Amino acid sequence: MTEIVSLPDVTAAMPDRAPLGPEIQGGALSIGNFDGVHLGHASLLGQTRRLADQIGGPAIACLFDPHPIAILRPELAPKRLTSVVERARRMDAMGIDYLVVCQTSPELLNLTAEQFFDGLVCRNLRCRGLVEGANFCFGKDRGGDVDLLSKLCRRQQIQFRIAEMQSSDGEMISSTRIRDFLAGGDVRSAAQMMATAHCITGIVAHGDGRGRTIGFPTANLENVDVVIPAPGVYAGTASADGIEHRAAIHIGESPTFGSGEATKVEIHLIG
């Protein structure tokens with residue numbers, strides 16, 4: 001399993017000491033949001049894994065939690081597709097050794113591109129390789145781009161690669177497009193871009209037990225903190241206690257008993 005490593009303060013490292021252990025340093029890094037860990041991310045992370053193998057270090061992904069826009073413009077912050085834990089689970093299949101989670105703060109967002117590069121890439125992770133997409137920006141007000149990043153890497157003798165991103169139907173694969181598909185109930189297209197079904201998790205709420213009277217155990221999910229598809233009935237699977245079941249998943253008002261109560265996610269287990 002990809003190990004999740006928390007980095008509360010990018011600027012915490014001193015010139016001769018970093019808060020992260022040596023096992024996570026000296027590798028190849030890719031920085032991004034990685035929400036959904038879709039096929040575009042898979043291409044980026046696959047190249048990170050290959051570069052890590054070439055330089056003989058770990059393959060590392062780095063993201064920011066919460067998303068920077070949640071601090072800069074909270075009213076515009078999108079619902080996330082995947083939790084940090086789910087992102088790490090998907091990255092494990094792509095050969096990523098560590099997922100570094102930087103705690104987003106106003107102080108972090110105020111760092112210039114050079115300060116951010118020095119704090120994260122050089123002092124904390126002491127990277128020997130870096131892989132990013134052509135549209136990557138970093139630092140305060142997105143002041144750094146791949147041209148600046150290339151120059152900074154050359155100064156530090158860090159190998160830098162610009163990854164070719166995958167497209168679908170002539171358009172770039174993106175987390176925004178996946179959210180749009182889910183908002184329209186097109187879970188099939190969303191799954192094609194992620195190479196896996198959309199996954200939602202939550203806490204099972206105690207219902208009135210009437211689902212068992214019609215032969216299908218029913219579970220209602222609460223505290224779902226990822227994107228929920230458009231109202232409708234979907235075929236899927238449900239996992240509980242490590243056991244998977246075929247399931248009919250209803251999203252919207254409970255259809256079974258006509259109570260009028262707004263049940264966001266109602267799962268009917270089918271065997």
Hey, fewest Cβ within 10 Å first, where do 41, 268, 245 land in order? 245, 268, 41
Mind jotting down a quarter of the surface of the convex hull over the alpha carbons of the range 63-153, in square nanometres, one decimal? 6.4
Once you've got the GNM for the chain with C-alpha springs shorter than 10 Å, pick whichever of 175, 30, 189 has the biggest mean-square fluctuation. 189
Among 229, 66, 106, which one shows the highest mean-square fluctuation when the chain is modelled as a Gaussian network with alpha-carbon springs under 10 Å? 106
Whole-number percent relative contact order across the chain, with pairs defined as alpha carbons under 8 Å at least 6 apart: 18
Which whole-number percent is the relative contact order of the range 1-90 (Cα, under 8 Å, 6+ apart)? 36
Using a/c under 1.5 as the rounded threshold, could you call the range 1-116 rounded, prolate or oblate? The axes a ≥ b ≥ c are square roots of the C-alpha gyration tensor eigenvalues, and prolate needs a/b larger than b/c, oblate otherwise. oblate
Charge tally for neighbours of residue 177 with beta carbon under 13 Å away, counting Lys, Arg as +1 and Asp, Glu as -1, is -4
Sorted on mean Cβ neighbours within 10 Å (highest first), peptides 181-187, 166-172 come out as 181-187, 166-172
Please give the contour-minus-distance gain from residue 65 to residue 148: 0.36 nm per residue of separation, less the Cα-Cα distance, rounded to one decimal in nm. 27.4 nm
Please compute the net charge surrounding residue 23, taking Lys and Arg as +1 and Asp and Glu as -1 over other residues with Cβ under 11 Å from its Cβ. -2
Where in the range 55-126 are there trypsin sites (Lys or Arg not before Pro) that are in a DSSP coil and have at most 16 other Cβ atoms within 10 angstrom of their Cβ? 79
When a/c is below 1.5 the answer is rounded, else prolate if a/b is larger than b/c, else oblate, so apply that to the chain with a ≥ b ≥ c taken from the square roots of the Cα gyration tensor eigenvalues. prolate
HN-Hα couplings for the range 86-103 via Karplus (6.51, -1.76, 1.60; θ = phi - 60°), in whole Hz with x for Gly/Pro, come out as 5, 4, 4, 4, 6, 5, 4, 5, 9, x, 7, 7, 9, 10, 8, 10, 7, 6
Run the quick spin-label model on residue 162 and residue 180: label points 7 Å from Cα toward the beta carbon, then report their separation in nm to one decimal. 2.5
MRE, 222 nm, helices only [DSSP H, n ≥ 4, -39500 (n - 2.57), over the chain, to nearest 500]: -6500 deg cm²/dmol
Report the label-to-label distance for residue 241 and residue 53 in nanometres (one decimal), using points 7 Å from each Cα along the Cα→Cβ vector. 4.1
Which one, 232, 133, 40, has the greatest fluctuation when you compute a Gaussian network model over the chain with C-alpha springs under 10 angstrom? 232
Near residue 1, within a Cβ-to-Cβ distance under 13 Å, what is the net charge of the other residues, with Lys and Arg +1 and Asp and Glu -1? -1
By DSSP, what percent of the beta bridges with both residues in the range 3-168 are antiparallel, rounded to the nearest 5? 10
Two-site label geometry, residue 72 and residue 196: point separation in nm, points 7 Å out along Cα→Cβ: 2.8
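None of the figures in this text is laboratory data; all of them are computed from the coordinates on show. None of the values given here were measured: they were computed from a predicted structure. Positions of Cβ are backbone-derived with ideal geometry, glycine not excepted, and every protein chain shown enters the neighbour counts.
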